[in-house]
Amino acid sequence: MKKILSYTLATCLLAGVAIFAFSCRPDQPQEDNIPEGMIEARFYLGGAYADVPALANQKAGLSPKAEGITYRDKEPLPLPEGSTLWLIHEIGSVSGNGSYWSPYDTSWTAGTPKSYVVVSSEAGNALYPCQVDGNGNAIPGTIEPSLYLEPALYRFRAVSPARPWDDATNYGYRIDNGDTLLANDSRYTQTLPTVVNLSMSGTGNTGVQMIELNPLAYQTALIQFIICPGDGIHQLGLLPAGIELTGCQDIIPYDNGNYNWSALGNQGKGDTIVAYPGNKRGRISVHSCTYVQQDSAIENFNFSGERIELPAGSLIANTYILPTDARSNSLIASFNIQMNGIPTYNTLYINRKIFRAGRSYHYIGRVSIEDGVTVFSWQNVQWNTDVEI
C-alpha cells in the first residue's frame, strides 16, 4: 500500500453486541470463561486461490460470471504462516417466516473488524486474534480478546493483510498499481463470504463453534513476463530501470475520496475494482526478478496441453496492476535488460484486453541474436494460465 493512514478501531458494534474475553496465541492456554448466553467463534481459513482458469473461447469485455469462469478446477493454497487478516462479521436480519435465509431476503449490519494472524496447523490455516502494526504485521507477544457473539445468523468476510484502513467507515482501501490484496469475493461461489447460523446446539454444548472460512481471491491483476535466452544469448539480467509498465488504470480520477476498494462493496453485482481505461499516468516499475536455475518447462500452458520450455537463465518478473481496460488504449511494457552484459531495450504493446481482478496474465518471449541483430519474439502471449501467483 502506497499510503497508509492509521486509525483507532471503534470499541462498540453497530448491531449484535459482541463481548470480548481474552484469548491467546497458540502457545498459551485457552480462556475457559465464556460469558453466559454467548458463543466463542474460532476460525480456520480455506486458503486463497492463485488465479482463475480461462475458457478457450474467452471474449474481452464479458464479466467472469458471463464467461462461466469459476475456481472449480483450482485448489486453494494456504496463506503463509504469519499472514494477517481482518475478519468482519455481519449480523443478519431475515425477513419472512425466518425458516430459511437467502442473500435476497436478508439484511446485514457490520460489526467492528478484528485482526487475526495465520498459524499453520494440521487442519490448515488456523486464525488467532492478534494486534497489528501500521504495516499490517502481527505484533509479537501480544494477546488479543477472542470473539464472543450472541446466537444469530452471521456472515463473515476476510481481508488480508490487515493493514490500517484508508477509510475506516467503509472498510475501504486506496489500492494502487503494485499493491496486493486478498479478500472474499462475491463474484465466485467458492470465495463468497461465509454464512453461519451460530447456535448453542452447534457448539456441542462446549460454547465454542469452529468456523471454516471460504478461500480468498486476489483483488488486483497479476502480470508476469518470462524472457528466455535464445541463440547467441548466454546471460540475461535487469538494468536498474527494470521493466516499466504504462497505460495502467490511474487511481487519481476514479477513487472514491480515500478509497477505491471496500470490503463491503462487492455484493456479487460486478467487479471488485472496475476496469477503467488506462493512461500515461497509470504506471508501475518492476526492479526485481527471479531466474530459472536449470532447464525446466511449464506443463499444460493455458490448459491447452502445450508444453513451454524454459531454458536455464530465463528471467521471470511479476507485478500487480489495478484492473485496466486496454481494449483501445495500449498497456505498454518497456524492458531495460542486459544481454550478454550489453544494455538492450525493447517495448511490447498490449491491447484488446481487459485486465481483471483475481486474474493472471502471462507473456513469454525469447531474445536471440540473428545476423548481429537483437530479436525479441513474443511467441507465447497467453493469460490466466496455471502458473501460480
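Remark: pairs (first residue in segment 360-388, under 25 Å from Leu181 (Cα atoms); second residue among the basic types (Lys, Arg) and modelled with pLDDT of 65 or more; Cβ separation under 9 Å; 6+ apart in sequence or on different chains) = Tyr361/Lys353; Trp383/Lys353; Trp383/Arg359; Asn384/Arg359; Asp386/Lys74.
Just so you know, in segment 269-296 the residues that are small (Gly, Ala, Ser) and closer than 19 Å to Ile252 by Cβ include one that is surrounded by the most Cβ atoms within 10 Å (Cβ to Cβ), and it is Gly278. Name the residue that is nearest to Trp86 (Cα to Cα), counting only residues in segment 214-223 that are open to solvent by less than 10 Å² (accessible area, probe 1.4 Å) and touching an Asp or Glu at 6+ places or on another chain (Cβ under 8 Å). Only one residue fits best here, namely Leu216. Quick check: anything in segment 359-367 of a type in the set (Lys, Arg), within 18 Å of the chain's Cα centre (by Cα) and at pLDDT below 90? Within segment 359-367, one or more residues are of a type in the set (Lys, Arg), within 18 Å of the chain's Cα centre (by Cα) and at pLDDT below 90.
Considered as a group, the residues in segment 310-334 that are more than 29 Å from Ile273 (Cβ to Cβ), surrounded by fewer than 21 Cβ atoms within 10 Å (Cβ to Cβ) and touching a residue at least 24 places away in the same chain (Cβ under 8 Å) include one that is nearest to the chain's Cα centre (by Cα), and that residue is Leu310. Inside segment 172-187, residues that are within 28 Å of Ala152 (Cβ to Cβ), surrounded by fewer than 22 Cβ atoms within 10 Å (Cβ to Cβ) and either hydroxyl-bearing (Ser, Thr, Tyr) or out of contact with any Gly (no Cβ under 9 Å at 6 or more places or on another chain) (or both) make up a count of 1. Among the conditions (1) open to solvent by less than 20 Å² (accessible area, probe 1.4 Å); (2) of a type in the set (Ser, Thr, Tyr); (3) touching a residue at least 60 places away in the same chain (Cβ under 8 Å); (4) out of contact with any Pro (no Cβ under 8 Å at 6 or more places or on another chain), the only one that Thr194 does not satisfy is (3).
With respect to the conditions (1) more than 22 Å from the chain's Cα centre (by Cα); (2) at pLDDT below 85, Gln293 falls short on a single one, namely (2). Taking segment 184-276 as the region of interest, the strands (runs of 3 or more DSSP E) fully inside it that hold 1 or more residues being of a type outside the set (Lys, Arg) and within 29 Å of Glu40 (Cα to Cα) are 194-198, 208-213.
Within segment 148-171, which residues are in contact with an Asp or Glu (Cβ under 6 Å, 6 or more places away or on another chain) and open to solvent by less than 10 Å² (accessible area, probe 1.4 Å)? If the condition is that a residue be in contact with an Asp or Glu (Cβ under 6 Å, 6 or more places away or on another chain) and open to solvent by less than 10 Å² (accessible area, probe 1.4 Å), then Tyr148 is the only one that fits. The condition of being under 21 Å from Glu90 (Cα atoms) and either surrounded by fewer than 19 Cβ atoms within 10 Å (Cβ to Cβ) or not basic (Lys, Arg) (or both) holds for only one of Ile233, Ile211, Ile226, that being Ile211. Going through (1) assigned to a strand (DSSP E or B); (2) open to solvent by 70 Å² or more (accessible area, probe 1.4 Å); (3) closer than 21 Å to Ile364 by Cβ; (4) modelled with pLDDT of 90 or more one by one, Arg307 falls short only on (4).
The values are calculated or read from the model by the stated rules, or taken from the named source; none is laboratory data. Quick caveat: nothing in here was measured; it's all calculated off a predicted structure. A quick note on method: Cβ atoms are made from the backbone with ideal geometry, for glycine too, and the neighbour counts reach across all protein chains shown. Note: accessible area is taken over every heavy atom of the protein model, side chains too, but ligands, DNA and RNA are not part of it. Shrake-Rupley method; radii C 1.70, N 1.55, O 1.52, S 1.80 Å.
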